[in-house]
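Colleague: Starting off with a structure, shown below.
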Amino acid sequence: MPGFEVNLMSRPLSFRCQSRRPTGRPLVCAVAGAAMMLAFAPSAAKAQIAPPVITPLDYSAPRSGMIALTDIGSNFLRRLGKEATWGYNVALGSNPNGGGASESMTNSAVRTWAEGYGLGARTNPQGDFVGDTRSTVGGVAGLGVTLAPGFNVNISIDQSRTKIDVPLAFQTGMIDLTQLGIVASYTSGAWTIAGAAVQGFGRISTNRDTGFGFATSGYSARVTGFLGELSYYYGIGDTRIVPKANIEYVRGSTATMQETGGLEPISAGPTFAERARVMFGAEVGRYWIFDQKVLDLSAYAKFVDNFHQYIAPVAVSAPFSGTITVQGIRESTYGTDFGSSASLTLTRAARIYLNYDGKYRASNSSHQGTLGLELKW
């Protein structure tokens with residue numbers, strides 16, 4: 001009698017027909033084998049479906065969130081520094097007659113300002129990161145006090161919301177961030193020195209399309225920053241040249257992330273990124289006086305050297321796919337910043353202004369527009 005053996009322990013399913021007689025029955029064996037293969041084929045194909053495998057692509061939105069977090073903190077620091085040593089304010093404060101304003105315009109002990117701004121940024125693909133686009137809208141309110149001749153202290157609060165889009169990874173995100181800032185400046189003759197500090201806290205949320213539903217997460221984030229700036233005001237009639245040197249430090253950190261929903265939700269431990277940079281550049285500006293108003297236009301350029309960057313790697317895991325280590329995204333070491341400003345003094349106590357600030361790096365760029373109103377009394 002022919003014997004039949006079916007091996008169910010290996011894939012693909014195997015079948016063997018043996019005959020213990022000199023003359024077997026090949027046709028019978030063939031028919032029986034085909035029937036057995038058809039009977040077990042569905043379960044064998046099902047067994048070959050591999051479980052999902054976690055990759056750095058799954059962690060794209062949180063990586064983009066860390067980039068945005070440090071950039072938002074850096075931009076707020078820049079605006080604080082601009083309030084302290086921006087050439088127009090220094091020109092009027094240290095040389096009001098030459099600046100075209102009366103003494104009564106510049107001796108106000110208290111001033112307030114409010115700003116609305118929009119920011120667009122993008123990071124190019126690098127390594128296993130597929131690139132992103134980000135858009136931010138926010139508002140700033142501030143209060144400044146002159147404590148002594150040449151010595152000013154400003155405090156301000158910034159509230160912003162940032163949308164993150166990583167289209168090639170089918171992921172989006174949102175950052176709601178509140179920042180508190182303080183800046184102190186001292187002007188002596190043509191020299192001004194200023195220092196600023198920022199502390200921010202907020203929440204990051206992400207949304208990832210897994211192909212079998214959406215995996216979402218929400219976790220807390222913090223940002224800390226410090227800025228020091230030294231500038232020198234050199235006036236030539238209605239024109240000024242203001243060389244500047246800056247040093248900046250920003251640190252962003254996030255808490256543990258845990259997704260819910262979707263196929264194979266991932267989790268990641270807390271992580272942080274820090275960056276220190278120096279910047280050298282100059283502002284060039286000119287003012288015009290008409291109808292008891294002062295129109296001031298200026299532009300600046302800076303060379304940027306990110307002399308220290310550390311982005312901590314983070315362990316990312318999934319229930320059935322194990323754990324991998326994902327590295328954060330670095331900014332290119334060297335870059336340039338460009339910007340321009342238009343300021344119109346309406347009355348002795350009111351001024352409106354419009355600013356543009358651009359950051360250009362080999363791996364990313366950003367463009368910010370700010371519309372502000374300043375009141376003095």
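The values are calculated or read from the model by the stated rules, or taken from the named source; none is laboratory data. This one's a predicted model, so the numbers in the text were calculated from it and none came from an experiment. When the accessible area is computed, the model is the full protein with side chains, heavy atoms only, and any ligands, DNA or RNA have been set aside. Shrake-Rupley method; radii C 1.70, N 1.55, O 1.52, S 1.80 Å.
Colleague: State in Å² the accessible area per residue of region 229-275; use a 1.4 Å probe, count heavy atoms of protein chains only, and round to the nearest integer.
Modeller: Details: 1930 Å² over 47 residues.
Ligands and nucleic acids excluded, the figure is 41 Å² per residue.
Colleague: What figure in square angstrom, to the nearest 10, would you give for the accessible area of Ser298 with a 1.4 Å probe?
Modeller: Here the accessible area works out near 10 Å².
Colleague: Here is a follow-up. How much length is gained on full extension from Thr260 to Asp128, taking 0.36 nm per residue of separation minus their Cα-Cα distance?
Modeller: Difference between extended and current length: 45.1 nm.
Colleague: Which lysines have a Cα less than 29 Å from the Cα of Lys244, not counting those fewer than 8 places away in the same chain?
Modeller: Of all the lysines, those that pass the test against Lys244 - Cα under 29 Å, at least 8 places apart if same chain - are Lys82, Lys293, Lys302, Lys359, Lys376.
Colleague: Please give the Cα centre distance for region 170-223 versus region 333-371, rounded to the nearest Å.
Modeller: 19
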